[in-house]
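Undergrad: The structure's right below; bear with me while I get my questions together.
What follows is calculated from the coordinates using simple rules that are stated; it is not laboratory data. Keep in mind that this is a model prediction, so the values were computed, not measured. A quick note on method: Cβ atoms are made from the backbone with ideal geometry, for glycine too, and the neighbour counts reach across all protein chains shown.
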Amino acid sequence: MLTHRPHGIEHPYATSPDQRIPVQPLTGQQVHLGVVVSPDITRVVCEWGSTELHLSPAEANAAEAAALAGGEGHLAEAQASALGGDGGWSVVTPPLSEPVKYRFHAYREPASAGAGAAHSLAGPTGPGVGGEASSTHTNLGLVESTEWFEVSPASWSATGGELRGGGDRVSGIEWLTSSQGVHRARFALRLADGEHLVGFGERYDALDQRGKTLDAVVFEQYKSQGVHGRTYMPMPFAHVVGGDGWGFHVRTSRRTWYSSEGDKLVVEVALGDEAVVDLGIYEGSADVVLKQFLDEAGRAEELPEWVFRLWASGNEWNTQELVMARMDAHRDLAIPVGAVVIEAWSDEEGITIWRDARYEVNADGEAHSAGDFEYRADGAWPDPKAMIDELHARGIKVILWQIPLQKTEFSTGQVAADAEAMVREGHAVLEADGTAYHNRGWWFPKALMPDLSTQRTRDWWTQKRRYLVDDLDVDGFKTDGGEHAWGHDLQYADGKRGDEGNNLFPVHYARAFGDLLRSVGKAPVTFSRAGFTGSQAHGIFWAGDEDSTWEAFRASVTAGLSAASCGIVYWGWDLAGFSGPVPDAELYLRAAAASVFMPIMQYHSEFNHHQLPLRDRTPWHVAETTGDDRIVPLFRRYAELRERLVPYLTEQAALTITTDRPLMRPLFFDHPTDEEIWNHPYQYLLGNDLLINPVLDPGATTWTTYLPAGDWIDAWTGDPVQPGLVTRDVPLDLVPVYCRADRWPALTPIFS
């Protein structure tokens, strides 16, 4: 085995051992070349033009793999091993000044022959780039040779493409050009003193991104997103707040990069076959800017009021008995709950059939109907329909988990038939050579990915789930994942390559399930982690995988505010985190209290191999684990308060959709020239009338809030409060909330 891929596995933030680094070098830059070989190879040589380069075994980058893993959790080991370097060899080339063709030769020879023995190699006169690899050579010991590759140095120049839009806000336009074409554009946007940058999709590290370096590419960062500066839901859009107010949108689904220093923001844009950048500049206040952006990207539609009730979830609730036991506990403890998310319901092969169900395999890969299944009385799910009917009778909606991948490790059964049908009937995302793409990531590795860019495959994929909605009356889908498309040259049926289509995959994914729900008269309730420009129009989002820490609490609040600034209306997080040991009582209660005043309120816990002690985030289990008997009664109070808040949230969401003023609203929307608000980045307005300031530090007994201009009422005392810095006591049973005085009479009953 001798493998070299110039782009590697195309992980957007890490390299693989068989990669060229950088993929697109600049003139005068040295290049790191990597290959992966079988263990019996003793020597690897690279023909680099007319030069012979000798490779050396490379060490695996353990530190990089560990950083990607995100710490303890059920996906950590898989992530850490994804970039393993076993079998890797590498070499650094001379500086690149002109196009070079290169290939590799692997040798197996006795150690006594000497690794440094000279060999006379043919120059780059063999097969051209893209030719077949050779497995024969005249030199003794040669095992395998690769095809020829070509690399051309690039340089930045003032000509090469066209930038449309931007006007006089743009300066310093440059184009990265090589003999193979124009690869990127780079330009600057002027920033005035005191202007702030907010947006770029869902961001965890800071609300104001001025002075930061970031990019826009959909990526599954397992936990610690704020530390790494990565996100499931990026967007090439931002507000520039301060001064007259404006914003911009790089109208592309390709990757973009941003860095700001001094008086300018530098924007870099990956290009396709056409060297054109389309830049939208929006002038005006933040809500006017957001309106113009959403006119292009699409905006949310109003969802039913039940989505604002408490959502309950635990990955290890993997039987009907367990789900009903958790809902019985909610009932018996008088803790209101509005929706249950059932993650571990399926056979987890095709994510279409309840585990333990009996059925005949449809060898042609066609969808089953509800009548095709028989449920065992002693199985995990003896009667899903009766369970859903009972939950509905209790006023609890049912959400089922999904993943947009088709496993391939099975040789028989329905999942194997579905995989064969996906490829045979042209429903799979393809590699550049026309073969089916297999997931390169760590979650569901090697799985096929449905090409949801076209209606034909969206219909085919969701038809297999239709009986769940039509006959079992499921209310929505947790559209998890969506970040699995790696590869610049993947092929989509809508004509896009991977560099343009990969970021759009999660948009198509949520749309597909929303359309399924609409087709039977249900609201399009999808619950997604990944997204991009266009996701605004497709359901609900949550902040993804995170630990139970105060740092993650703060990062999640920031994520919600930045997402809202980009037009995401329905947003939540796994309150107090979902991964790791059960949070302590203080973190759990502070997070629950804050979540009452967020668009979506949900608790959830990660898969932990059913090990004891359990890691459920139910209030009674957290109380049992921590030994704190305050948790259940306080959580009940929060859930009851949330029930009273539902009409207000429903009213304000409708206003948000018609006015484009976010539901979870950063203060700069209403007070753009008040510099003090930037010293309080975790405060926000919930709708037009409530100002929320979550308690985000352990051990706090008092908490200071900045109240901007206006007339305010402390929602817990009913007392008027003057604008400015206000400090109040913060026992565990409350989060600081201030109400606009003119709305206080109508909202008083919520806080009674």
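Undergrad: Taking region 463-618, how much of its Cα-Cα pair set, in percent, is spaced more than 19 angstrom apart?
TA: Tail of P(r) above 19 Å: 61 percent of Cα pairs.
Undergrad: Translational diffusion coefficient of region 367-481 at 4 °C, 1.567 mPa s, Stokes-Einstein with Kirkwood Rh over Cα pairs, in µm²/s as a whole number.
TA: 81 µm²/s
Undergrad: Another question, then. Going by how many other Cβ atoms sit within 10 Å of their own, how do T319, T15 line up, fewest first?
TA: By the 10 Å Cβ count, ascending: T319, T15.
Undergrad: Next question. Cβ under 12 Å from R164's Cβ, R164 left aside: what net charge do those residues give with Lys, Arg +1 and Asp, Glu -1?
TA: Residues near R164 contribute -2 overall.
Undergrad: Further question on the same structure: Do the sum for the chain: with -39,500 (n - 2.57) for every DSSP H run of n ≥ 4, divided by all residues, what is the mean residue ellipticity at 222 nm, to the nearest 500 deg cm²/dmol? Write out the running numbers ahead of the final one.
TA: On the way: 16 runs with 166 residues, N = 752.
Calculated at 222 nm, the ellipticity per residue is -6500 deg cm²/dmol.
Undergrad: Taking 2.2 N^0.38 Å as the expected size of a compact globular protein, what ratio does the Cα radius of gyration of region 285-356 give against it, to two decimals?
TA: After normalising by residue count via 2.2 N^0.38 Å, the value is 1.67.
Undergrad: Continuing with this model, one more query. Rounded to a whole number, what is D in µm²/s for region 698-752 from Stokes-Einstein with the Kirkwood radius over alpha-carbon pairs (10 °C, 1.306 mPa s)?
TA: Once the numbers are plugged in, D ends up at 135 µm²/s.
Undergrad: Quick one: if you take sqrt(5λ) for each eigenvalue of the C-alpha gyration tensor of region 247-307, what semi-axes come out, biggest first, whole angstrom?
TA: One finds semi-axes of 27, 17, 12 Å for region 247-307.
Undergrad: Could I ask something else about it? If I compute Kirkwood radius over Cα pairs in Å from the structure I just sent, which labelled value in [x] 30.2; [y] 31.8; [z] 27.9 lines up?
TA: Entry [z].
Undergrad: Over region 155-283, what portion of Cα pair distances is larger than 27 Å, expressed as a whole percent? Kindly include the intermediate steps, with their values, before the conclusion.
TA: On the way: 1546 of 8256 pairs.
Above the 27 Å cut-off, region 155-283 has 19 percent of its Cα pairs.
Undergrad: Separate question: How high is the relative contact order of the chain, given as a whole-number percent (alpha carbon pairs under 8 Å, six or more residues apart)?
TA: Over the chain, the number comes to 10 percent.
Undergrad: How large is Rg over Rh for region 558-635, taking Rg from the Cα atoms and Rh as the Kirkwood inverse mean of 1/r across Cα pairs?
TA: 1.02
Undergrad: If one computes P(r) from the Cα atoms of region 655-725, what percent of pairs lie at distances over 16 Å?
TA: Result: 52 percent of Cα pairs exceed 16 Å.
Undergrad: Cα convex hull of region 279-322: mean projected area in nm², to one decimal?
TA: Mean shadow area of the hull around the Cα atoms is 6.3 nm².
Undergrad: Ranked highest first by the average count of other Cβ atoms within 10 Å around their residues, in what order do 375-382, 237-244, 333-340 fall?
TA: Final packing ranking: 237-244, 333-340, 375-382.
Undergrad: To two decimal places, what compactness ratio does region 618-668 give when its Cα radius of gyration is scaled by 2.2 N^0.38 Å?
TA: 1.66
Undergrad: When 1/r is averaged over all different Cα pairs and the result inverted, which Kirkwood radius in Å belongs to region 12-53? All intermediate terms of the calculation are to be shown ahead of the outcome.
TA: Values: mean 1/r = 0.0820 Å⁻¹.
One decimal place: 12.2 Å for the Kirkwood radius.
Undergrad: Fewest Cβ neighbours within 10 Å first, please rank S519, S556, S605 accordingly.
TA: So the ranking, lowest neighbour count to highest, is S519, S605, S556.
Undergrad: When I540, I657 are ordered from fewest to most other Cβ atoms inside 10 Å of their Cβ, what list results?
TA: I657, I540
Undergrad: Strictly over 20 Å apart at the Cα level, which of K407/K522; K407/K478; K397/K478; K223/K446; K407/K496; K223/K496 would you flag in this model?
TA: Long pairs (Cα-Cα over 20 Å): K407/K522; K223/K446; K407/K496; K223/K496.
Undergrad: What Kirkwood Rh does region 326-368 have if only Cα atoms enter the pairwise 1/r average? Answer in Å.
TA: Over region 326-368, the inverse of the mean reciprocal pair distance is 13.2 Å.
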